[in-house]
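Structure first, then comments.
Throughout, read-outs are computed from the coordinates displayed, never taken from laboratory work. Just so it is clear, the model here is predicted, and its values are computed rather than measured. Positions of Cβ are generated from backbone atoms using ideal geometry, with glycine treated the same way; all protein chains shown enter the neighbour counts.
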Amino acid sequence: MFLENTVNHKEQFGWIEVISGSMFSGKTEELIRRLKRAQFAKQKVEIFKPIVDTRYHEEKVISHDENEIRSTPVPAAANIRLLADNCDVVGIDEAQFFDDEIITVCNDLANMGIRVVVAGLDMDYKGNPFGPMPALMATAEYVTKVHAICTRTGNLANYSYRKSNNNKLVMLGETEAYEPLSRAAFYKAILKEKISKMEVQAEEVKELKKGMDA
């Protein structure tokens with residue numbers, strides 16, 4: 001997990017904690033829990049999220065369980081560095097939506113003695129590493145991987161399966177657009193999609209040949 005007190009109190013460096021997982025796995029819930037504990041301890045806490053994420057509230061980070069904490073929406077990672085002055089703890093939600101500068105920003109803040117807590121999706125809807133998250137996980141001192149429950153098997157889920165046909169990498173949505181799946185369920189769903197596309201293409205070729213023969 002993570003430590004909230006270092007052994008060598010003369011060392012002024014902070015650290016990075018990353019909370020990653022699929023959608024509906026409790027990433028934001030865990031982020032809020034850690035940040036509220038810091039606030040209760042009278043530490044100066046600032047929370048940031050990408051300005052594109054307005055699903056629940058424009059200026060709050062809100063979990064699926066409706067826990068919330070005030071946050072500052074920012075258009076780019078570089079803004080965080082400017083706004084996090086004199087903080088003890090910096091929280092960042094939906095880190096996968098930020099540009100790659102977020103990696104440098106988090107490390108710069110940690111080097112300034114700030115505890116940085118980051119939450120984000122580790123994989124996109126295709127099952128590929130998502131944006132800056134792999135590099136953040138690699139440079140973080142502490143990484144917590146949380147899991148959802150697969151809606152089809154009841155096993156632990158670590159994939160965010162997109163139910164719509166939208167191919168955009170960034171598409172905000174909830175249960176109507178995504179569902180958490182286990183590795184086996186995700187593989188079967190992707191295989192079914194590929195077979196369906198092949199059948200559609202085969203039918204299109206068949207219709208094209210009919211038109212040519214007519």
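Summary of computed values
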| item | result |
| --- | --- |
| Residue-span extension gain [Lys44 to Asp100] - 0.36 nm each, minus C-alpha spacing | 17.6 nm |
| Under-5 Å amide H pairs with Asp124, H placed in peptide plane, nonlocal only | Phe130 |
| Label point distance in nm, Lys168-Glu193, each placed 7 Å from Cα along Cα→Cβ | 1.6 |
| Residue-wise HN-Hα coupling along the stretch 30-43, computed from phi with Karplus coefficients 6.51, -1.76, 1.60 (Hz; x: Gly, Pro) | 5, 4, 4, 4, 5, 6, 5, 4, 5, 5, 4, 7, 6, 7 |
| Paramagnetic label zone (point 7 Å from Cα along Cα-to-C-beta, Asn155; backbone N under 20 Å) in the stretch 180-198 | 180-194 |
| Extension gain from Tyr142 to Asn128, taking 0.36 nm per residue of separation minus the Cα-Cα distance | 2.9 nm |
| The stretch 98-107 - phi-based ³J(HN,Hα) in whole Hz, Karplus 6.51/-1.76/1.60, Gly and Pro as x | 7, 6, 5, 4, 4, 5, 5, 4, 4, 5 |
| Under-5 Å amide H pairs with Ile51, H placed in peptide plane, nonlocal only | Val74 |
| 18 Å reach of a label modelled at Asn111, 7 Å along Cα-to-Cβ, counting backbone N of the stretch 10-51 | 11-17 |
| Overall Cα dimensions of the stretch 109-170 - principal axes, largest extent first, Å | 44, 28, 14 |
| Residues whose placed amide H lies under 5 Å from that of Tyr178, excluding near-sequence neighbours | Lys163 |
